[in-house]
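The values are calculated or read from the model by the stated rules, or taken from the named source; none is laboratory data. For clarity, every value in this text was computed on a predicted model and none was experimentally measured. Because the Cβ atoms are built from the backbone with ideal geometry, glycine has one as well, and the counts that use them run over all protein chains shown. Side chains included, ligands, DNA and RNA excluded: accessible areas come from the protein's heavy atoms. Shrake-Rupley method; radii C 1.70, N 1.55, O 1.52, S 1.80 Å.
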Amino acid sequence: MAEVSYINPLSNEGRQIVRQYGDLNQIFEEDESMIDTITHTTNQRISDDSLIPKSYADYAMKRIQWAIEKKNNKNYTQAEFEFLTNSDLFMQDVVIFHILCQAIAIQFNTGSRETRLFVESQGTLILERLAKIPPMSRAEIIDEVMDEVKVDGSINWKSLRDVVSTKKLKLTDLLIDNGEIILQQDDFLERFSDKFTDRSPERMYSILIGDSVKEQILSRLIMQKTEEYIARIKEMSARIEIHPAIIEIGENLKDFIPEEISKYNQYYAGSGGIYGTVQAGKLNPDAFPPCIQATVDGVSSGGRNDAIVLLLTSFASYARLYPRIFASDESVKVSDMDPDLSITENEILPLIFDAADNCTPPLFEDQPQEKINIISKLGFGMHDRVDINHEGETKWYTPMSCEKIKIHLPQLCHPDKSCKGINNPLSCYGRKKFQLDKEAPKEE
């Protein structure tokens, strides 16, 4: 049977493995035993040597690459990452999980896109690993892991609000007794066996509480514990000295993640334009004013709608397509700058939708109609996608002024020196991008 820590690296067993690992400096050294296990993993592609991680540090990067490709690559190939579901690597995997948690905690904010990418991918990986364990062993390990992740010996239904909000699980799928979710057979039989006179209580347990429900709950609970673990490390990092190896992994991730995502989302591809001018070009996140960066990182409930629909939609579209709108008397449409709408669909909307997904809770999960409002603010009417035939049905909204942001979204307005003398976030972006482009080394 697979080890508990293979499913829950935060288990007592998992923590013991980490304590016994030894000097973290060795994570950059080639590990022949790990390489051998990976190359002998069933269905693992080994024709390309670059697919095989040679060290723990390589494995960590591959783990993040898998998360990005699984989510974004339409041509994702499972055979390139088959080793991630090899239970023989559970000890290495536990160490790498903890290394990544620590590196992410010191390098990124707890609510960042990078943190969420890792936490969500951990939940996905748990489900994939469980699917590969034979049914009888799977049921046993689920119960064993569930015992460890319970809080005060039980699971309260309120702790699963997040997973219910994703619509992957319904409250009606759960058996709840006095606020506690009943999942394990022994608990079910103890509470309800005398309620069934014409049917086997064991059979009723199988009908009412399916394995898929238990797996979804288990996955979500470990995701929550991973988030809590990263938050604790973040808090502790202000008081303790972080190992240089962890710092190096964090710095590598800072470069690696946007580079990998840029293959599928052009928002990360960097800045464009002509030096010395503020021309339309690739969005440069380094030039985003504080209010826009805060919106991209994710807004809490209460200000989500205005931040995404009114502030970010207009800012991103004009900053990318027509940054000189306030210096012009022209009346323009999106298609004037983006005739085939490819920039709008491949760069602008992905940025807006990613920011909406980063909200707490994600904006479209409980308010899917806001996608239509975003399309409307770009000038394409009340429709669920941009279509040249609908352009002009509504107005392409210009960005909110700083004054309006202070009134309607005060939680996002935290001016820095780049905001001095500015009255609109688009103007702030234009000035800062001009400076960054001017300072950038010119290509020979």
Worksheet item: Can you give the angle from 0 to 90° between the axis of helix 244-261 and the longest principal axis of the chain, with both taken from C-alpha atoms, to the nearest 10?
Response: 60 degrees
Discussion item. Kirkwood hydrodynamic radius, region 304-444, all distinct C-alpha pairs: what's the number in Å?
Written reply: 16.1 Å
Worksheet, complete the sentence: region 45-101: spread of alpha-carbon positions along the three principal axes, whole Å, largest first, is 30, 24, 19
Fill in: Pairwise label distance in nanometres, residue 139 with residue 372, each label 7 Å out on the Cα-Cβ vector
4.6 nm
Worksheet item: Can you list residues whose amide H is under 5 Å from residue 360's amide H, if they're 5+ apart or on another chain and H is modeled 1.01 Å from N?
Response: 299, 300, 301
Discussion item. Taking 32 Å as the cut-off for C-alpha to C-alpha distance, list the pairs among 395/432; 74/395; 282/404; 395/420 that go past it.
Written reply: 74/395
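Let a ≥ b ≥ c be the square roots of the eigenvalues of the Cα gyration tensor of region 383-444; is it rounded (a/c under 1.5), or, if not, prolate (a/b larger than b/c) or oblate?
The shape class here is oblate.
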Practice prompt. State, as an integer percentage, the relative contact order of the chain based on alpha-carbon contacts under 8 Å between residues 6 or more apart.
Written response: 15 percent
Discussion item. Please give me the summed charge of the neighbours of residue 20: other residues whose Cβ is under 15 Å from its Cβ, Lys and Arg +1, Asp and Glu -1.
Written reply: -2
Practice prompt. List the pair-distance distribution P(r) of region 12-114, using every Cα-Cα distance, as the percent of pairs falling in each 5 Å bin from 0 up to the bin containing the longest distance, rounded to whole percents.
Written response: 2, 12, 21, 24, 19, 14, 6, 1
Response to the item:
With only helices counted (DSSP H, runs n ≥ 4, each -39500 (n - 2.57)), the per-residue ellipticity at 222 nm for the chain, to the nearest 500, works out to -15000 deg cm²/dmol
Practice prompt. Of the options 257, 367, 142, report the single residue whose Cα projects farthest towards the positive end of the charge dipole of the chain (beta-carbon charges: Lys, Arg +1; Asp, Glu -1).
Written response: 367
Practice prompt. Could you state how much accessible area residue 208 has, in square angstrom rounded to the nearest 10, with a 1.4 Å probe and all protein chains kept in place?
Written response: 80 Å²
Worksheet item: At q = 0.23, 0.24 Å⁻¹, what is the log10 ratio I(q)/I(0) for region 184-266, with the Debye formula run over Cα points and no solvent?
Response: -1.10, -1.11
Practice prompt. May I ask you to give the percent of accessible area on the chain that is carbon plus sulfur, with a probe radius of 1.4 Å?
Written response: 47 percent
Worksheet entry | Check: the chain dipole with +1 on Lys, Arg Cβ and -1 on Asp, Glu Cβ, in debye | 1660 debye
Worksheet entry | Rounded tilt (10° steps) of 425-439 against the dominant C-alpha axis of the chain | 90 degrees
Practice prompt. Would you kindly state how much longer the chain becomes between residue 263 and residue 236 on full extension, computed as 0.36 nm times their sequence separation minus their alpha carbon distance, in nm to one decimal?
Written response: 6.3 nm
Fill in: Long-range amide H partners of residue 394 with built H, under 5 Å
380, 381
Response to the item:
Whole-Å distance linking the alpha carbon centroid of region 418-434 with that of region 343-416 is 20 Å
Discussion item. Is the C-alpha gyration tensor of region 305-361 telling us rounded, prolate or oblate? Criteria: a/c under 1.5 is rounded; beyond that, a/b larger than b/c is prolate, otherwise oblate.
Written reply: oblate
